[in-house]
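What follows is one structure encoded as structure tokens, with my remarks underneath.
The values are calculated or read from the model by the stated rules, or taken from the named source; none is laboratory data. Only a predicted model underlies this, so the values are computations on that prediction, with no experimental measurement involved. Using ideal geometry, Cβ is built from the backbone for each residue, glycine included, and neighbour counts are taken over all protein chains shown. These accessible areas exclude ligands, DNA and RNA; they are computed on the full protein's heavy atoms, side chains included. Shrake-Rupley method; radii C 1.70, N 1.55, O 1.52, S 1.80 Å.
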Amino acid sequence: MSELPQYKTILYATDLGDRMRPVLRQAIGLAQQYQANIIMLHVVEPLGSTSEAVLSIYLPDRKLDDLQHVAHQKVLEQMKQRLEKFCQEEAALCAKGSPKVSEVLVTTGHPAEEILHQAEKHHADLIVMGSFGKHILGRHVLGSTARYITQSSPVPVLIVPNTK
């Protein structure tokens, strides 16, 4: 007889879009149910080579590095503020035992690859993310990042519809 799943670490991947509330709600609910920790992750795609070339003409390397660091810190602060605001607005959900967000991460890279890398690095038992689909002929289609992760992840992936 096989054992039921036990989730200790949930990786919640967010694009910081305005439709991520149902996804975070699912991650928090599961974390409370399984007494798991949540690692909140946002991946910033790197500048393309053309953008980097244009910026390097106007900014020395040191300034460009400083600019990227400041942007990284602003995204991290935005994530923390959104989590605080979510808990203020969803007091009933957070009151059951505040969400155990053990870490808030902002990384740079290709989103799908970086989500899988961080899941492995932090020994995540579950990845929770939104479907973030596009409309094609009136239907929602699973986003390319979500599709890649569901096909490549060695751990379970929960895709939460975030179309509203």
Worksheet entry | Projected label distance in nm at Arg62 and Lys100, using a 7 Å step from Cα toward the beta-carbon | 4.5
Worksheet entry | With DNA, RNA and ligands ignored, accessible area of Val157 (1.4 Å probe; Å², nearest 10) | 40
Worksheet item: Taking 0.36 nm per intervening residue step and subtracting the Cα-Cα distance, what contour gain separates Arg147 from Thr108 on full extension?
Response: 12.1 nm
Fill in: Phi to ³J(HN,Hα) by Karplus 6.51 cos²θ - 1.76 cosθ + 1.60 over segment 18-24, Hz, x for Gly, Pro
6, 10, 8, 4, x, 6, 5
